[in-house]
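Shown next, in structure tokens, is the structure this report addresses.
The values are calculated or read from the model by the stated rules, or taken from the named source; none is laboratory data. Remember, it's a predicted structure, so these values are computed and weren't measured experimentally. Every residue, glycine among them, receives a Cβ derived from its backbone with ideal geometry; neighbour counts consider all protein chains shown. With ligands, DNA and RNA removed, areas are computed over all heavy atoms of the protein, side chains included. Shrake-Rupley method; radii C 1.70, N 1.55, O 1.52, S 1.80 Å.
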Amino acid sequence: MSTAAVPAPGEEWRKLDRRTLLVTAAVMTGVATGAGVPTAVGLSGGMGAGRALAWVLPAALLLIVCGTGGDYVRWRRTRYRIGPDRAELHTGLFLVKRRSLGRERIRSVDLTANPLLRILGLVKVRIGTGEHTGGESTLELDPVTRAEGERLRTELLDRTPSGKGTHRDGMLAVLDPRWIRYAPLSFVAPALGGAAAGGVMQVSEWFGVQHEVLDWIGDRFRDTSVLTMVVVLVVAALLAGIVGSLGLWVEMWWNYRLEREPGGTLRVRRGLFTARSVSIEERRLRGVELVEPLGVRLVGAARVDAVATGLAQDDGDKHTDLRTLLPAAPRAAADEVAAQVLRETSSPTGTVGLTPHPLAARGRRLRRAVGSALAPVLVLLVLGLLVSDVLLTVAAVCAALLLPVAVLLALDAYRNLGHGLSGDYLVARSGTVRRSTVALQRGGVIGWTVKQSYFQRRAGLLTLTATTAAGEGAYDVHDAAEGEGLAFAAQAVPGLLEPFLEK
């Protein structure tokens with residue numbers, strides 16, 4: 001008498017949640033409405049509202065039915081299972097795709113839920129190895145129930161506690177609503193302002209009223225100078241960008257929490273409408289990066305990013321916010337979070353005494369800055385001599401404005417240069433518009449690249465690049481003194497650079 005084999009626990013095949021059809025139908029309805037309404041409005045002018053709807057409604061229904069039907073086929077033909085050794089996903093109708101990841105290679109299980117998914121209690125689960133091999137390094141389950149997503153995350157990231165350090169598990173940082181004041185100080189605000197202005201013109205063109213919009217703007221400024229009009233429009237766009245940046249910050253960082261889970265996993269949860277959960281294993285953490293954009297730095301704030309392996313699974317995931325552990329916050333709070341994340345008593349980015357760089361490095365920055373500022377001035381001078389004297393006046397104004405700014409930025413860039421060692425970490429700082437201070441584990445450095453241009457060689461300078469498998473893959477120490485820089489590299493990672501140095 002034979003008995004059928006019973007699959008071991010965790011090895012049975014599972015299907016995605018069938019409510020994905022409802023989500024797809026809702027999304028396709030939104031797409032059809034967004035495309036159909038302007039089309040119907042445009043057609044109604046030539047053929048009447050009734051005939052326009054008779055053309056648009058069947059097309060919209062066809063789009064909804066086809067989209068939902070395609071998702072039904074995907075749902076019926078997709079299944080997954082988590083075995084003791086592998087995570088597997090099978091999908092496809094005529095050409096079945098079978099994807100499998102070894103559980104020992106899995107480095108991230110991230111959960112995302114847009115508003116529709118959140119209403120239905122669903123999440124999209126992205127399982128990745130952190131290797132840069134495109135879709136072959138990830139499995140995406142879209143969607144499963146929230147409980148199933150949490151179960152997968154816990155099961156696949158279950159590691160033996162490291163026992164390193166004395167820092168507690170639990171909450172490391174929570175949202176302080178006062179941090180929203182830093183949102184308009186980033187470069188996002190002017191970018192959103194420009195996008196808003198462009199959007200107004202594009203939408204007006206779609207509806208054929210762009211000339212009316214331009215005429216309306218012209219009427220408002222009929223009795224004012226061109227300069228006043230430009231200033232007012234720029235200020236209006238900037239105000240729109242500020243409002244947009246505040247809204248974007250709330251959407252991205254509302255309900256933010258950073259916590260350390262048992263077993264050594266850092267988890268960042270955030271999002272107002274679209275909830276996001278990003279997990280980073282501490283065993284693949286190689287350091288932190290303190291990022292200070294100019295506007296944020298002027299008010300004493302900074303952002304903390306993780307330097308870790310396995311955060312960018314493919315080209316679609318290479319976004320800065322995936323590795324952000326703390327949004328722009330007061331510098332003291334950023335240093336405290338960096339210390340907690342690294343399990344150190346104090347942050348290497350905040351207490352280390354950095355070695356200043358030679359004055360020759362300042363000269364290089366001044367020459368580059370002045371040259372960049374003078375280039376457009378020289379072009380305007382030539383055009384002024386050939387075309388119009390007005391351009392000579394414009395060149396003089398540009399020189400008066402650009403040169404002082406260029407010199408100030410160059411001096412600031414020089415002051416921000418520095419490098420040093422702090423315990424198990426090497427620290428490098430550089431930048432002015434975006435100042436970055438990275439604390440990188442010395443054991444995570446797998447190589448050094450020494451670069452020295454002709455002008456650097458004459459000035460006795462060189463640039464050291466620490467190569468690592470984490471973060472951006474390479475971190476630079478710009479324009480260090482030749483002898484001191486080589487000694488620093490040799491001391492930071494003993495035995496790695498010495499065979500290539502002359503005795």
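When a 1.4 Å probe is rolled over the protein heavy atoms, the share of accessible surface on the range 188-317 that falls to carbon and sulfur comes to 68 percent.
Where the accessible area of the range 36-161 is counted over protein heavy atoms with a 1.4 Å probe, how much of it, in %, is carbon and sulfur? Whole-percent figure for carbon plus sulfur exposure: 61.
Ranked by the mean number of other Cβ atoms within 10 Å of their residues, highest first, the peptides 191-197, 333-339, 240-246, 65-71 come out as 333-339, 240-246, 191-197, 65-71.
Taking label positions 7 Å along the Cα-Cβ direction at both Val230 and Arg105, the computed distance is 5.7 nm, reported to one decimal. Pull out a ≥ b ≥ c, the square roots of the eigenvalues of the alpha-carbon gyration tensor of the range 167-289, then state rounded if a/c is under 1.5, prolate if not and a/b is larger than b/c, and oblate in the remaining case. It comes out prolate by the Cα gyration axes.
Taking square-rooted eigenvalues a ≥ b ≥ c of the alpha carbon gyration tensor, is the chain rounded, prolate or oblate, where a/c under 1.5 means rounded and, failing that, a/b exceeding b/c means prolate? The shape class here is oblate.
In the chain, helical runs assigned H by DSSP with n ≥ 4 each contribute -39500 (n - 2.57); averaged across all residues and rounded to the nearest 500, the mean residue ellipticity at 222 nm is -14500 deg cm²/dmol.
Compare the peptides 395-401, 217-223 by average per-residue count of other Cβ atoms within 10 angstrom and give them in order, highest first. Spell out each step's value before the answer.
Details: 395-401: 14.7, 217-223: 10.3.
For the peptides 395-401, 217-223, the packing ranking is 395-401, 217-223.
Leaving out ligands, DNA and RNA, what percent of the accessible area of the range 377-503 is carbon and sulfur, probe 1.4 Å?
Roughly 65 percent, rounded to a whole number.
What the chain shows is 53 Å² of accessible area per residue, with the surface traced by a 1.4 Å probe over protein heavy atoms. For the chain, a crude dipole built from +1 on the beta carbon of Lys and Arg and -1 on the beta carbon of Asp and Glu, taken about the Cα centre, is about 680 debye to the nearest 20.
Since only Ala173, Val405, Ala466 are under comparison, the one whose Cα sits farthest along the positive direction of the charge dipole of the chain, derived from C-beta charges on Lys, Arg, Asp and Glu, is Ala173. With contacts taken as Cα pairs under 8 Å and at least 6 residues apart, the chain reaches a relative contact order of 11 percent.
Estimated from the Cβ-Cβ distance and a Förster radius of 51 angstrom, the FRET efficiency linking Gln452 and Val27 is about 0.40.
Which of rounded, prolate or oblate describes the range 194-239 when judged by the alpha-carbon gyration tensor and an a/c cut-off of 1.5? Taking the square roots of the gyration eigenvalues as a ≥ b ≥ c, the range 194-239 is oblate.
Peptides 30-37, 361-368, 463-470, ordered by how many other C-beta atoms sit within 10 Å of their residues on average, highest first, read 463-470, 361-368, 30-37. Taken along the Cα-to-beta-carbon direction at a fixed 7 Å, the label points for Ser204 and Ala49 span 2.7 nm. Within the chain, the selection of entire DSSP H helices by a Cα span of 30 Å or greater along the long axis and an average Kyte-Doolittle value of at least 1.6 returns 226-253, 390-415.
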